[in-house]
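Some notes on the structure that comes next.
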Amino acid sequence: MTEKSIEITSQEPINEKDLRIGVYVCHCGSNIAGVIPPGEVVEFAGKLPGVAHAAETMYACADSGQRLIKDDIKKYGLNRVVVSACSVRMHEPTFRACVAEAGLNPFLMEMANIREQCTWAHGHDREGALEKAKDLTASAISKVSFLQPLDMIKVPVSKKALVIGGGVAGINAALDLAEQNIPVVLVEKEATIGGVMAQLNKTFPTMDCSI
């Protein structure tokens, strides 16, 4: 048995009238600011319910941007943070760590992706991109209003894997896991494995037998 961290709810939701949300709109150099004016998104966000402070920053992920967020959490008594910048996949851990260093629960931070999902995708339509950036930011603000503080706990788990489906994808997944010394059980409802591939006579480009 090994231990794995999971997230659990630890507190009740905050009362709406007590919300103090900070919103930070990133320029990301010219990646965002080259298509839309971040200041207009800031002005829009600052008027939304629960927002106590809104600001723009050249690079939110840089030390200067993170320092701004941390200082503002203390200065304005912020209890929620929204960062309108790039993808969650790229910098969610960065901003969670940032707000945690300022004493805020890391799970009370939400990101709006106004780069990959907005300015990069709609650079040909600046007006439309600006409206979408506002919508994405407003959605993140609405979501963060309902977030609850979470704690990390450890629970025992068995280091085993169950792969359902013995097609090509299932077989590859089982083999990859086995190569990592993880015990695997592969389950297939049919009498043989191989899925659709096993039904083919020859495969392109070698025209070899599929099985």
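Tell me, 144, 25 in order of fewest to most beta-carbon neighbours within 10 Å?
Going from sparsest to densest Cβ surroundings: 144, 25.
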- prompt: Stretched out fully, how many nm does the piece from residue 139 to residue 40 gain, at 0.36 nm a residue minus the Cα gap?
  reply: 34.0 nm
message: Quick check: Cα centre of the range 84-110 to Cα centre of the range 158-211, how many Å?
response: 38 Å
message: Cβ neighbours within 10 Å, averaged per peptide: list 150-158, 112-120, 96-104 in order, most packed at the top.
response: 112-120, 96-104, 150-158
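Would you kindly calculate the translational diffusion coefficient of the range 159-209, applying Stokes-Einstein with the Kirkwood radius from alpha carbon pairs, for 4 °C and a viscosity of 1.567 mPa s, and quote it in µm² s⁻¹ without decimals? Before the final figure, lay out the partial values.
Working: Rh = 11.9 Å.
Answer, rounded: 109 µm²/s.
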query: Once the Cα atoms of helix 168-179 and of the chain are each reduced to a long axis, what angle between those two axes, in degrees from 0 to 90 to the nearest 10, is obtained?
result: 80 degrees
statement: Under 17 Å between C-alpha atoms, the lysine pairs in the chain lying 8 or more places apart or on different chains count 10
query: Using the Cβ atoms and a cut-off under 13 Å, what net charge is assigned to the surroundings of residue 37, where Lys and Arg are +1 and Asp and Glu are -1?
result: -3
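Could you calculate, for the range 91-211, the ratio of the Cα radius of gyration to the Kirkwood radius, expressed as Rg to Rh?
Numbers: Rg = 23.5 Å, Rh = 19.6 Å.
Value, to two decimals: 1.20.
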Calculated [θ] (222 nm, deg cm²/dmol) that DSSP helices of n ≥ 4 give over the chain, each run adding -39,500 (n - 2.57): -10500 deg cm²/dmol
- prompt: Taking the inverse of the average 1/r across all pairs of different Cα atoms in the chain, what Kirkwood radius in Å do you get?
  reply: 20.3 Å
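Rule-based calculations on the coordinates, nothing more; no lab input. Everything numeric in this text was worked out from a predicted model, so none of it was measured. With ideal geometry, Cβ positions are generated from the backbone for all residues, glycine too; neighbour counts draw on all protein chains shown.
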